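Asker: Provided herewith is a single structure, encoded as structure tokens, for subsequent inquiry.
Derivation of every value follows stated rules applied to the coordinates shown; laboratory data play no part. In this text, all values refer to a predicted model and were calculated from it rather than measured experimentally. Counting neighbours? That spans all protein chains shown, and the Cβs are built from the backbone with ideal geometry, glycine included.
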Amino acid sequence: MSLIVQKFGGSSVADEDKMRHVAQRIVETRRAGHQVVAVVSAMGKTTNNLLNMARDLAKDPSRRELDMLLACGERISMSLLSMAIQELGEDCISLTGPQSGIRTTDNHFNARITDVKAGRVERELERGRIVVVAGYQGMNSRGEVTTLGRGGSDTTAVAVAAGVNADRCEIYSDVDGVYTADPRIVETARPMPEISYVEMTELAHHGASVLNPRAVEYAWRRDVEVRARCTFNDAPGTIIHEREAGDEAKVLGVACHKELIWVSLRGKDRVAGLGDKVLKAIEKNDIFVDDTGDDGERRDMLIATEDIANLDIFADGLRDQFDDRISVSTDLGSVSAVGLHTGEDPDILRKAEAALERAGVGVRISFTREHSLTCLVEAAQVGDAMRALHAVFLEDAKQAREVA
Ligand code: ADP
Ligand code: ASP
Ligand code: MG
């Protein structure tokens, strides 16, 4: 008998029929002789709808109250899913994040999991029950409910899998695993059978929303092998694990942020005097910042907007605090080519910039990290930029292989 953690995202439980289908899938796993912990997200667009209601009622809603509100989305799903499983004749119990022993940092809205006290979940499993855990939430040291940042149910699944020492951790969504690009944007994208933790972390940080970057980092740290699969078919999906790396720089996927904030500092005095203060002001809410670091003359920071409770207030707050000594731009998106050592190879950057130019996409600025390169473009051109990068790095190679 194996112990399997299965996570089902919002699109997998978007309506009652889908909820029944998920219940059936979980029950089949149980009846094949396995113990199952199911982690579930809020139904469909629930989290966005709740956030919009909060923003209609309050200009800058308190983060504590936002967490009280947003945690409810997953709680609706957990109880409905548990009922649907019980209806199929299996013993099942739903538990909130705090009941499941998920402990987090104090930060509301973007908390991180610090520990999973899995005793309660384990006891329920020993009683022969299927356990349904509400994703995306936990409890901080003050006993307050916290949420884990957008897409955070993936992290719940990985942390619970590590906490109960599961044999398998499967993350189900509406796609057949991790593709070479978001298949909704690039029609020719194809699923990958496997990917390493380091590459997946990079891809997720650059916007491949199929897996949450913190979830991948957690899995990497705790050596949890993750399989990304589709709820609606039996395709094998993608295994995310440790794997041997070659030395050759090679793009394996492209990703984008449709919207981000670009903060830039120019000139020796500003970079030296302000750089770390700006970074601190951004990071104080545990927001992920892609920071180019200080090269003496310039420093740039990219911030994914989904991490921010209120975009305008955040951007204005930075502008007020640092006035015209920094520039804060909000109308941009990014495209990134990801693969081991790609950022260290100037030919790859040149090839990317040339492909974007041919596609009529203007590049505002480019950045490299060890395993990625990123170009900032107008938000409206992100789709064209993705297709251009995918074509140049991932389609020619495929065609070449097919011809060979
Ligand atoms: P869930 O609601 O199940 O958590 P998400 O919407 O967070 O699902 O993630 C699945 C979506 O991720 C897909 O529908 C797809 O549009 C998007 N996506 C972005 N990049 C990729 C990629 N590289 N591979 C697969 N899907 C991707
Ligand atoms: N419901 C949350 C969100 O929409 C968490 C998740 O789905 O993982 O971001
Ligand atoms: Mg998700």
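Asker: When DSSP assigns beta bridges and you keep just the ones with both residues in the chain, what percent turn out antiparallel, to the nearest 5?
Answerer: 60 percent
Asker: Please give the contour-minus-distance gain from Glu87 to Asp223: 0.36 nm per residue of separation, less the Cα-Cα distance, rounded to one decimal in nm.
Answerer: 45.4 nm
Asker: Something else now. In the chain, which whole DSSP H runs stretch at least 24 Å along their own axis (Cα) and average -1.0 or higher on the Kyte-Doolittle scale?
Answerer: 63-87
Asker: Could you give me D for the stretch 208-294, from Stokes-Einstein at 25 °C and 0.890 mPa s, where the hydrodynamic radius is the Kirkwood radius over C-alpha pairs? Units µm² s⁻¹, please.
Answerer: Translational diffusion coefficient: 145 µm²/s.
Asker: Please compute the Kirkwood hydrodynamic radius over the stretch 222-262, one decimal place, Å, based on all pairs of different Cα atoms.
Answerer: Across the stretch 222-262, the inverse of the average 1/r is 14.0 Å.
Asker: Using only Cα atoms, locate the centre of the stretch 354-384 and the centre of the stretch 27-53, then give the distance between them in Å, rounded to an integer.
Answerer: Rounded to whole Å, the Cα centres lie 36 Å apart.
Asker: Using only the alpha-carbon atoms, what does the chain span along each of its principal axes? Please give whole angstrom values in decreasing order.
Answerer: 64, 58, 34 Å, listed from the longest principal axis down.
Asker: Taking 0.36 nm per residue of sequence separation and subtracting the Cα-Cα distance, how much length would be gained by fully extending the chain between Asp106 and Lys284, in nm to one decimal?
Answerer: Taking Asp106 through Lys284 to full extension adds about 62.9 nm, to one decimal.
Asker: Are any of the pairs Lys18/Lys45; Lys59/Lys277; Lys7/Lys45; Lys7/Lys117; Lys59/Lys284 more than 22 Å apart by Cα-Cα distance, and if so, which?
Answerer: As for pairs spanning more than 22 Å Cα to Cα, those are Lys59/Lys277.
Asker: Can you compute the helix-only [θ] at 222 nm over the chain? Use -39500 (n - 2.57) per DSSP H run of at least 4 residues, normalise by all residues, nearest 500 deg cm²/dmol.
Answerer: -11500 deg cm²/dmol
Asker: Round to the nearest 0.05 the FRET efficiency obtained for Arg350 and Glu187 when R0 = 25 Å and r is the Cβ-Cβ distance.
Answerer: 0.45
Asker: While we're here: What is the distance, in nm, between label points placed 7 Å from the Cα along the Cα-to-Cβ direction at Arg243 and at Met68?
Answerer: Inter-label distance under the simple model: 4.7 nm.
Asker: Treat each spin label as a single point 7 Å out from the Cα along the C-beta direction, and report the Ala391 to Asp323 distance in nm.
Answerer: 4.8 nm
Asker: Also, I was wondering about something else. Starting from the Cα of Asn233, step 7 Å along the direction of its Cβ; do the same at Leu3; then give the gap between the two resulting points in nm.
Answerer: 3.3 nm
Asker: Net charge within 10 Å of Ser41 by Cβ-Cβ distance, Lys/Arg positive one each and Asp/Glu negative one each, not counting Ser41 itself?
Answerer: -1
Asker: Would you list, by chain and number, the aspartates and glutamates whose Cα falls below 12 Å from the Cα of Lys280, excluding same-chain residues fewer than 8 positions away?
Answerer: Partners within reach: Asp291.
Asker: Tell me which trypsin sites (Lys or Arg not before Pro) from the stretch 107-191 have a DSSP coil assignment and no more than 16 other beta carbons within 10 Å of their own.
Answerer: Lys117, Arg127, Arg142, Arg184
Asker: Would you mind telling me which residue in Ala272, Ala58, Ala352 has the biggest mean-square fluctuation in a Gaussian network model of the chain, where springs connect alpha carbons within a distance under 10 angstrom?
Answerer: Among Ala272, Ala58, Ala352, the largest GNM mean-square fluctuation belongs to Ala58.
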